[in-house]
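What follows is one structure encoded as structure tokens, with my remarks underneath.
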Amino acid sequence: MSTVRAGEPATLEAGEGTAVPPPAPAARRAWLFDAGERYGLLVAWAAVIVLFSILAPGTFPTRANFDTIFGTQAVLLVLTVGLIVPLSVGEYDLSIGGVMGLSTIFVAYLQVQQHWPVVVAVLVALAAGLAIGAVNAFFVVGVGLSSFVTTLGMGTLLTGVGYGLTNSTTIGGISSGFVQVITYQVLGLPTAFFIGLLLTIVAWYVLQHTPLGRHLVFVGEGQEVARLTGLPVAKIRAGSLIACSVLAAGAGVLQAGVVGAADPGGGASYLLPAFAAAFLGATSIRPGRFNAWGAFVAVYFLVTGISGLELMGISGWVQDVFYGGSLVIAVAFARVAARRRNAAA
Amino acid sequence: MAERALRLTGLSKSFAGVRALDGVTFEVDAGEVHALVGGNGSGKSTLVKVLAGYHAPDPGAQLELGGRTVSLPLPPGSSSRLGLSFVHQDLGLIPSLSILENMRVGRYRPGRAGRISWRRERQAVEAALRHFGLDLPVDAHVGMLSPLHRALVAIARAFADAELHGGGVVVLDEPTAYLPTDGVDRLFDAIGVLRQNGTAAVIVTHRLEEVFRVADRTTVLREGRAVGTAPTAELDEGKLIELILGRKLEEYYPAGASAIGDTVLSVRHLDGGSVHDLSFDVHRGEILGLAGLVGMGHTEVPYQIFGAVPARGGTIEVQGHQPVPAGSLTPREANRLGLGLLPADRLGGSGVGGVSLRENVSLPVVARFFQGGRIRRRAEGRYVQGLLREHDVRPPFPESPLAMLSGGNQQKALLAKWLQMRLPVMLLDEPAQGVDIGARKEIFQRLREAAQAGACMVMASSEFDDLAGVCDRVLVFRHGRIVDELAGAGLTEDRLTAACYSSRSAA
Ligand SMILES: Nc1ncnc2c1ncn2[C@@H]1O[C@H](COP(=O)(O)OP(=O)(O)OP(=O)(O)O)[C@@H](O)[C@H]1O
Ligand SMILES: [Mg+2]
């Protein structure tokens, strides 16, 4: 900036009086808290791995379990990465479970029962995600309804449609070629995992490193500020709902490949885990913001914990308890940390 | 010897690395009006927030209320029981709740069976609002109100509390920042009524003439220390400024006008809110002031020209572009036409408190730092730091959240956010609100420099002295219409005051 400073009085004490050097212990405590907050979840994940390796040495630290954790849960990762987009701009998307379920069903139904080529079936499933996202956006941004209510209704509606399309039964027999592609092992991990990883990187890049990501944050944290700064708030909100829906459909496609079948209730059971992971992820790596690597760590922390508990013989009910509990704890923790961060406004 | 309403001794407060208050003693007598003044970041709001139980002070502080020792920190929410009521700098209202709920939350008087009598609550609130000449629907959401009305609601709430309890202390942190002169009159009248019940008032303000008008005594803070308390009658403006800044202040308003050029902005037949059929032109290099009393419409004009608040009709023309209908203008388009708006609502419309200064300030230009496929955060930080230094924002740390700055420093940072764009037209609502007298001079200097560089400024303000000192021309509003225009030698504070208050329409 080139503006010259006219008549700056030489006596201005440049704020020395207020900016006394930090008392060392307090500063160290603040730094520790900061680091603890950032990487706490990562440490907790490591602790969970160590704990279960000790408790279940025969089953937990094994190749098979590693495959389950990293292979089958790529679906949850993709769903969560999609979800943090609308959450960043302050919108809920509760239809992701429904979208994902329907997308899996589309792949199975079109390919198995209608004998369409699998590529076309996949494209149709993704297009359906896009269309549903657009409908969500129309009601939320265009009409001005609450995203919470709109997407809650939409998700339930889609789950119902899924039951209708499948006659409430599981459609099996998805093209083995497709299943092989999705589960094909590279470096000991299935393709599905790398797709999830790739999408995490893309989301991280967009949210963290591009002007668009910055705009998302402002729309989420201060919509009026964003609007008065001239950001395209409506487009950003609509776009985030659409992107989320497309990614949820993508998660459904992966699910079709990982499982090789479509279960009409399958999508709905992923809704809560995705929220738990998104909120838990927002407490780490970039605390206070929904962020891609936080989501990544959170997904694998949750999945590792659950698989450990299941291997210990506690199965069935433990998933719901663990996911539900994590969601509440994550939200509570975020609130406490935020209060600590800006003790004053 | 007057009875002591409040006595605070040995008050210190540190935030990680910053000592906001350092061994402050502060005493308020029953029924007195006590001004608490000091530069931006001197610790006034921090002191207020300690009293409100918002901040825990460092160990060693002692508080006596009405002669009784009260242990610190105060539990949040206990202050009203102790006879303290507040208007915070950020008002402390909840935008998503109605006026009624905001005024009564935590204060409901349940009837039989614990039921809230909404009719009685409603009447109490309406009465409290009328006290300040407000005739607002009590069910309206606070978020929908203008900054001015919001301030009045917060003030009415604090006064209703104080009246209910009798005695005690009302603490007002820059209540007048948004208030036009007649609003200030009403506030001071209300303070007069309260003190007859033995209630003391502590008022934080940067407007020194107000100190001399209402305060019995004045305490000055500088960089976290109390540098003196004196009966206001023993002070004069020069002395007070020296106490506040630790130095003398020479010429206050920037000298020299800019060369006025051709028309840059033409507003025609603008209609909306309380504004009727408004037409005016602004020229290159010109600073145009908009003045008026409460509710006269002048503060709405910047928002309507920017498309922030929908207008009913009229056109806006910016030099080099086709005229656009004001009714369908959006802030985004206005921005593309070369307009910028600095809203009065600092943390609601201007910047986001929880986000870093770097991100807040660079928001309109963030694309500039997107190079080689990513935002160059280091370069962005350096740039913002330079800008913060240039605008004398303290402390100039780009990574701290906006909310951690004192109110006046937030304002300076947000002004920097817009002035960096060097837009041809800047619309400003109370650009110097909350800024101390030292820094205020700097802000006006900045505005003048921008005008001299060829921009034009449209600035709504309730401070007649500033308008007279800074503007080339001022439009005076009454009932949504321009009734007078002052310029050149005719533009003085006295004439402006007279024009705003006079019932005849000149023009
Ligand atoms: N939550 C916080 N965290 C860190 N520093 C803070 C916090 N709140 C205030 N400060 C710092 O404490 C100092 C005093 O701030 P305070 O808000 O009390 O000033 P003020 O006198 O009210 O100024 P103004 O006139 O600008 O409103 C400033 O340096 C400010 O940056
Ligand atoms: Mg303050």
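Evaluate the following for B:G434: is it open to solvent by less than 10 Å² (accessible area, probe 1.4 Å) and more than 13 Å from chain A (Cβ to nearest Cβ)?
yes
List pairs: first in segment A:323-339 and at pLDDT below 80, second charged (D, E, K, R), Cβ under 8 Å, 6+ apart or cross-chain?
Hits for this filter: A:A337/A:E37.
Being away from ligand 2 (no atom under 16 Å from the Cβ) and either over 20 Å from B:I244 (Cβ atoms) or touching a strand residue (DSSP E or B) at 6+ places or on another chain (Cβ under 6 Å) (or both) is the filter here, so list the residues in segment B:193-215 that pass it.
Within segment B:193-215, B:V193, B:L194, B:R195, B:Q196, B:N197, B:G198, B:T199, B:A200, B:A201, B:V214, B:A215 meet the criteria.
Before we move on, is B:S42 under 18 Å from B:V204 (Cβ atoms) and in contact (Cβ under 8 Å) with a residue 12 or more places away in the chain?
So B:S42 passes the test.
In segment B:325-359, which residues are more than 10 Å from every other protein chain (Cβ to nearest Cβ), touching a helix residue (DSSP H, G or I) at 6+ places or on another chain (Cβ under 7 Å) and among the hydrophobic types (A, V, I, L, M, F, W, C)?
Of everything in segment B:325-359, those that are more than 10 Å from every other protein chain (Cβ to nearest Cβ), touching a helix residue (DSSP H, G or I) at 6+ places or on another chain (Cβ under 7 Å) and among the hydrophobic types (A, V, I, L, M, F, W, C) turn out to be B:A326, B:A344, B:L357.
Considering only residues that are within 11 Å of another protein chain (Cβ to nearest Cβ) and in contact with an Asp or Glu (Cβ under 8 Å, 6 or more places away or on another chain), look in segment B:396-426 and name the one that is nearest to ligand 2 (Cβ to nearest atom).
B:G407
If a residue must be outside any strand (DSSP E or B) and within 14 Å of chain A (Cβ to nearest Cβ), how many such residues does segment B:193-231 contain?
Of the residues in segment B:193-231, 2 are outside any strand (DSSP E or B) and within 14 Å of chain A (Cβ to nearest Cβ).
For segment B:431-443, name all the residues that are away from ligand 1 (no atom under 13 Å from the Cβ) and out of contact with any strand residue (DSSP E or B) (no Cβ under 9 Å at 6 or more places or on another chain).
Passing the criteria: B:K441, B:E442.
Of all residues in segment B:189-202, which are closer than 19 Å to B:L84 by Cα, open to solvent by 20 Å² or more (accessible area, probe 1.4 Å) and of a type outside the set (G, A, S)?
If the condition is that a residue be closer than 19 Å to B:L84 by Cα, open to solvent by 20 Å² or more (accessible area, probe 1.4 Å) and of a type outside the set (G, A, S), then B:V193, B:R195, B:Q196, B:N197 are the ones that fit.
Only one of B:T219, B:T229, B:T205 is under 27 Å from B:N40 (Cα atoms), open to solvent by 20 Å² or more (accessible area, probe 1.4 Å) and hydroxyl-bearing (S, T, Y). Can you tell me which?
Only one candidate qualifies: B:T229.
Within the bounds of segment B:171-183, is there any residue that is among the aromatic types (F, W, Y), within 16 Å of ligand 2 (Cβ to nearest atom) and either farther than 27 Å from B:L36 by Cα or at pLDDT below 80 (or both)?
Yes, some residue in segment B:171-183 is among the aromatic types (F, W, Y), within 16 Å of ligand 2 (Cβ to nearest atom) and either farther than 27 Å from B:L36 by Cα or at pLDDT below 80 (or both).
Tell me yes or no: at least one residue of segment B:302-314 is over 20 Å from B:A451 (Cα atoms) and part of a strand (DSSP E or B).
Looking for residues that are over 20 Å from B:A451 (Cα atoms) and part of a strand (DSSP E or B), one finds at least one in segment B:302-314, hence yes.
Hey, B:L428 hits all of (1) on the phi < 0 side of the Ramachandran plot; (2) more than 12 Å from ligand 1 (Cβ to nearest atom); (3) not in a strand (DSSP E or B) but one; which does it fall short on?
Status for B:L428: all satisfied but (3).
Consider A:W116 against the criteria (1) open to solvent by 10 Å² or more (accessible area, probe 1.4 Å); (2) of a type in the set (A, V, I, L, M, F, W, C); (3) part of a helix (DSSP H, G or I): it satisfies all of them except one. Which criterion is unmet?
Only one criterion is unmet by A:W116, namely (3).
Given (1) touching a Leu at 6+ places or on another chain (Cβ under 8 Å); (2) away from ligand 2 (no atom under 16 Å from the Cβ), identify the lone condition not met by B:V393.
(2)
Do we have B:F370 as of a type in the set (F, W, Y) and more than 8 Å from chain A (Cβ to nearest Cβ) here?
no
Given the structure, is A:L228 crowded, with 22+ Cβ neighbours inside 10 Å and over 27 Å from A:V107 (Cα atoms)?
When the stated conditions are applied, A:L228 passes them.
Identify all residues within segment B:154-192 that are touching a strand residue (DSSP E or B) at 6+ places or on another chain (Cβ under 7 Å), away from ligand 1 (no atom under 16 Å from the Cβ) and not in a helix (DSSP H, G or I); write none if there are none.
B:G168, B:V169, B:V170
Is it true that some residue in segment B:67-89 is within 11 Å of ligand 1 (Cβ to nearest atom), under 21 Å from the mean Cα position of the chain (by Cα) and more than 10 Å from chain A (Cβ to nearest Cβ)?
No, segment B:67-89 contains no residue that is within 11 Å of ligand 1 (Cβ to nearest atom), under 21 Å from the mean Cα position of the chain (by Cα) and more than 10 Å from chain A (Cβ to nearest Cβ).
Condition first: part of a loop (DSSP other than H, G, I, E, B), within 20 Å of the chain's Cα centre (by Cα) and away from ligand 1 (no atom under 11 Å from the Cβ). Now tell me which residues in segment B:382-425 satisfy that.
The answer is B:H391, B:D392.
One line per residue, one yes/no per condition, for (1) within 20 Å of the chain's Cα centre (by Cα); (2) of a type in the set (S, T, Y):
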{"site": "A:A134", "(1), (2)": "yes, no"}
{"site": "A:F138", "(1), (2)": "no, no"}
{"site": "A:S146", "(1), (2)": "no, yes"}
{"site": "A:G153", "(1), (2)": "no, no"}
{"site": "A:G172", "(1), (2)": "no, no"}
{"site": "A:V179", "(1), (2)": "no, no"}
{"site": "A:G196", "(1), (2)": "yes, no"}
{"site": "A:T200", "(1), (2)": "yes, yes"}
{"site": "A:G220", "(1), (2)": "yes, no"}
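Considering only residues of segment A:36-90 that are outside any helix (DSSP H, G or I) and among the hydroxyl-bearing types (S, T, Y), which is nearest to the chain's Cα centre (by Cα)?
This residue is A:T62.
Is it the case that some residue within segment B:288-301 is open to solvent by 60 Å² or more (accessible area, probe 1.4 Å) and touching a Gly at 6+ places or on another chain (Cβ under 9 Å)?
Scanning segment B:288-301, I find no residue that is open to solvent by 60 Å² or more (accessible area, probe 1.4 Å) and touching a Gly at 6+ places or on another chain (Cβ under 9 Å), so the answer is no.
Of all residues in segment B:252-273, which are under 29 Å from the mean Cα position of the chain (by Cα) and assigned to a loop (DSSP other than H, G, I, E, B)?
Passing the criteria: B:Y252, B:Y253, B:P254, B:A255, B:G256, B:A257, B:S258, B:G273.
Looking at segment B:343-361, can you tell me whether even one residue there is open to solvent by 30 Å² or more (accessible area, probe 1.4 Å), among the basic types (K, R) and either away from ligand 1 (no atom under 16 Å from the Cβ) or more than 20 Å from B:L447 (Cβ to Cβ) (or both)?
no
Residue-by-condition table, conditions (1) in contact with a Gly (Cβ under 7 Å, 6 or more places away or on another chain); (2) farther than 30 Å from B:L8 by Cβ; (3) modelled with pLDDT of 75 or more; (4) among the aromatic types (F, W, Y):
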position	(1), (2), (3), (4)
B:G83	yes, no, yes, no
B:S98	no, yes, yes, no
B:M103	no, no, yes, no
B:I116	no, yes, no, no
B:Q123	no, yes, yes, no
B:E126	no, yes, yes, no
B:G133	no, yes, no, no
B:M144	no, yes, yes, no
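The values are calculated or read from the model by the stated rules, or taken from the named source; none is laboratory data. All figures in this text were calculated on a predicted structure; none of them were measured in a lab. For neighbour counting, all protein chains shown are included, and Cβ atoms are generated from backbone atoms with ideal geometry for every residue, glycine included. The protein model used for the area step is the full one, side chains on, heavy atoms only, and it has no ligands, DNA or RNA in it. Shrake-Rupley method; radii C 1.70, N 1.55, O 1.52, S 1.80 Å.
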